[in-house]
Amino acid sequence: MSDLTQTPTATTASLDEGISEAHGGEHAVAVAAAHGVDMMFTLSGAHVFPMYDGAVHAEPPMRILDVRHEQTAVFAAEAIGKLTRVPGLAVLTAGPGVTNGVSPIAQAQFSGSPLVVIGGRAPANRWGMGSLQELDHPPLLAPVAKLAHTVHTVDAIPAAVDEAFRVAATPHRGPTFLDVPMDQFFDKAAVDRPEVSARRRVTPDPDVLAHIGGLLAEARRPVIVLGTDVWADGAEAAALRLVESLGLPAVTNGMGRGVVPGGHPLLVTKARGQALGTSDLVVVVGTPLDFRLGYGVFGGKDGGSAAKVVHVADSPGQVSEHADLVASTSGDLTLTLDGIQAAVEQQLRKPDWTGWVEELQAAVRAAVVRDAALLAADADPIHPARIYGELVPRLADDSVVIGDGGDFVSFAGKYVEPKRPGGWLDPGPYGCLGAGLGAAIAARLSRPSAQVVLLLGDGAAGMSLMDVDTLVRHDLPVVMVCGNNSAWGLEKQPMRMLYGYDVAADLAPQTRYDEVVKALGGGGETVTDPSRIGPALDRAFDSRTPYLVNVITDVDAAYPRNTFGV
Ligand SMILES: Cc1ncc(C[n+]2csc(CCOP(=O)(O)OP(=O)(O)O)c2C)c(N)n1
Ligand SMILES: [Mg+2]
């Protein structure tokens, strides 16, 4: 079943206003703009000049954000998609431009981020003769994109770009890729541009929702898990309504963090192990049952019985095939969550989970007490947790916090509990280091007045720090905090554990990443004394420039983890 309904994120615009002759880039930019795009991320190459000319001459012109590495362009576009819920646009030149974008495209696929990548391509009229960078890209991209094909003629560009945006924005969201042969991109055609239509919202099956309502009414220790797609699908208000109206304890992950605000009495993420381990019914919404959720096996803690599992997804392909489910449903998540709420309310038997909730709240309070010592630690060298002890009280409710690193970011996941949804960006299940600078660029552009904090492991910093140059050139102030343990910490500790030694895990001691930022035109400082972290962060927030606080931390203060993700 489905109906046609306008969603908060969909754009409706008519492009069919008597189109005159235009080149391929002008057509592509006009269609992107009709889909709500107002900027493109790119690194120059002649194959995609028509996109730039199209942007410059568009009315209004489309902003061009030129970066220092294509991975940053695509990570930025991916992050725009995550933050604004309108697909981001990256434009990559042929050959190495496109191949440099493959990792972030794969990341967008794993995270369900709406993203359109348009690539240049060697000219069709010389294909096979050996022109520069003559590579057939779609076969490389097909495994990591929802759609990957070549637009062979200029007159096909408007419809192809429209389709790329529609597919990227349709649940389950993800990346799409098009390339256009250079001769066709520069060529002109008089062609109608398609009308951009509102997204179709798929109505979930009411019988399944009634069944889930019955399961909830019978449950004695239920937990709901709210993941990235709750935010991506615009269902954050419905999710909070459901949690609050039923008094249902919630665990959040990915971009679902903040849907139930940090400090809310029903947010039990800090007691996650107990909640998921002793529950009798776990309802997982908008996130796959992957390694982050123990592959969908819950309960069983302390010899207890396994929990029943319900999987709620934004689209049929996202429903887990490997987990043992008592029920599953797919469709628009607002309709689904409101439908589940109504189904529970219609039950004769009214659930009373007060005792269960109090038990979890006590566990959350105990975790807060346990955390307090590390958050205030004055250990020398600095314990990474202390950085969060200083940072968290300085964060405004609308801050955007981005994690790019290993252990340093795992600590952030533990200690930063966002107050609002849509402000937490982590690499997601693809776990690709190097996303940080791109995400920070996107965050500053899409949330102009919010605090933007980029948490960088020192290893991760090395993968994208040159793009501080982009922050500086485009006047995009961001606070960067580098947890500098002089190591690939998240690899060093597991290797030691497995082999008793480690190799290829050390970085140069106490590298001055702050000086790198200064050399590129930003500001920064190094901190070795825990009491100086707070004042350094204050200077960073006040500086109104890209600013990196380089905190030298203890390499032996590893994140306590019980899974390596496999
Ligand atoms: C592109 C990429 N290469 C390698 C890895 C494997 N990896 C995961 S975490 C990690 C260590 C990260 O080190 P750092 O950023 O310094 O953070 P730390 O763990 O030291 O806090 C590595 C190498 C990865 N996830 N992504
Ligand atoms: Mg490190």
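The values are calculated or read from the model by the stated rules, or taken from the named source; none is laboratory data. These numbers come from a predicted model, not from an experiment. Positions of Cβ are backbone-derived with ideal geometry, glycine not excepted, and every protein chain shown enters the neighbour counts.
A few points about this structure:
- Selection count, the range 452-462, where residues are within 15 Å of ligand 2 (Cβ to nearest atom), more than 17 Å from residue 518 (Cα to Cα) and under 19 Å from the mean Cα position of the chain (by Cα): 3
- First in the range 479-497 and on the phi > 0 side of the Ramachandran plot, second anywhere and more than 7 Å from ligand 2 (Cβ to nearest atom), Cβ under 7 Å, 6 or more apart: 486/506; 486/508; 486/509; 486/510; 486/555
- Looking across the range 162-179 at every residue that is touching a residue at least 40 places away in the same chain (Cβ under 8 Å) and touching a Lys or Arg at 6+ places or on another chain (Cβ under 6 Å), the one that is surrounded by the most Cβ atoms within 10 Å (Cβ to Cβ) is identified as 176.
- Odd one out for residue 21 among (1) over 16 Å from residue 194 (Cα atoms); (2) surrounded by fewer than 22 Cβ atoms within 10 Å (Cβ to Cβ): (1)
- Tabulated pairs, the range 526-545, first within 20 Å of residue 468 (Cβ to Cβ) and modelled with pLDDT of 95 or more, second part of a strand (DSSP E or B) and acidic (Asp, Glu), C-beta under 6 angstrom, 6+ apart or interchain: 536/525
- Check on residue 396, over 23 Å from the mean Cα position of the chain (by Cα), modelled with pLDDT of 95 or more, away from ligand 2 (no atom under 16 Å from the Cβ) and among the hydrophobic types (A, V, I, L, M, F, W, C): no
- Residue check for residue 198: small (Gly, Ala, Ser), surrounded by fewer than 22 Cβ atoms within 10 Å (Cβ to Cβ) and closer than 30 Å to residue 341 by Cα: yes
- Condition check for residue 56: under 20 Å from residue 442 (Cβ atoms), in a helix (DSSP H, G or I), at pLDDT 95 or above and of a type in the set (A, V, I, L, M, F, W, C): no
- Residue in the range 89-116 that is surrounded by the fewest Cβ atoms within 10 Å (Cβ to Cβ), counting only those that are among the aliphatic types (A, V, I, L, M) and assigned to a helix (DSSP H, G or I): 106
- Scanning the range 145-179 for residues being of a type in the set (Phe, Trp, Tyr) and assigned to a strand (DSSP E or B) gives a total of 1.
- Set side by side, the residues 142, 210 differ, and just one is in a helix (DSSP H, G or I) and surrounded by fewer than 16 Cβ atoms within 10 Å (Cβ to Cβ), which is 142.
- Candidates 465, 437, filtered to the one that is crowded, with 24+ Cβ neighbours inside 10 Å, away from ligand 2 (no atom under 13 Å from the Cβ) and under 25 Å from the mean Cα position of the chain (by Cα): 437
- Taking the criterion of being assigned to a loop (DSSP other than H, G, I, E, B), away from ligand 1 (no atom under 12 Å from the Cβ) and either more than 23 Å from residue 388 (Cβ to Cβ) or in contact with a strand residue (DSSP E or B) (Cβ under 7 Å, 6 or more places away or on another chain) (or both), the residues of the range 466-487 that qualify are 474, 475, 476, 478.
- The range 488-527, residues that are within 12 Å of ligand 1 (Cβ to nearest atom), part of a helix (DSSP H, G or I) and among the hydroxyl-bearing types (Ser, Thr, Tyr): 513
- Residue within the range 438-451 that is under 22 Å from residue 559 (Cβ atoms) and in contact (Cβ under 8 Å) with a residue 12 or more places away in the chain present: yes
- Leading residue by the ranking (nearest to residue 168 (Cα to Cα)) among those in the range 32-50 that are within 26 Å of the chain's Cα centre (by Cα) and assigned to a helix (DSSP H, G or I): 32
- Within the range 411-443, being acidic (Asp, Glu) and within 13 Å of ligand 1 (Cβ to nearest atom) holds for one residue alone: 426.
- Residue within the range 557-564 that is touching a residue at least 24 places away in the same chain (Cβ under 8 Å) and touching a strand residue (DSSP E or B) at 6+ places or on another chain (Cβ under 8 Å) present: no
- Qualifying residue in the range 118-125 (condition: closer than 15 Å to residue 100 by Cα and in contact with a Pro (Cβ under 7 Å, 6 or more places away or on another chain)): yes
- In the range 405-431, the residues that are of a type in the set (Val, Ile, Thr) form Cβ pairs under 6 Å with partners that are within 15 Å of ligand 1 (Cβ to nearest atom) and at pLDDT 95 or above, at six or more places apart or across chains, as follows: 409/403; 409/455.
- Scanning the range 399-410 for residues being buried (at least 23 other Cβ atoms within 10 Å of the Cβ) and within 12 Å of ligand 1 (Cβ to nearest atom) gives a total of 7.
- Residue 119 meets the conditions (1) surrounded by 17 or more Cβ atoms within 10 Å (Cβ to Cβ); (2) farther than 26 Å from residue 434 by Cβ in every case but one. The failed one is (2).
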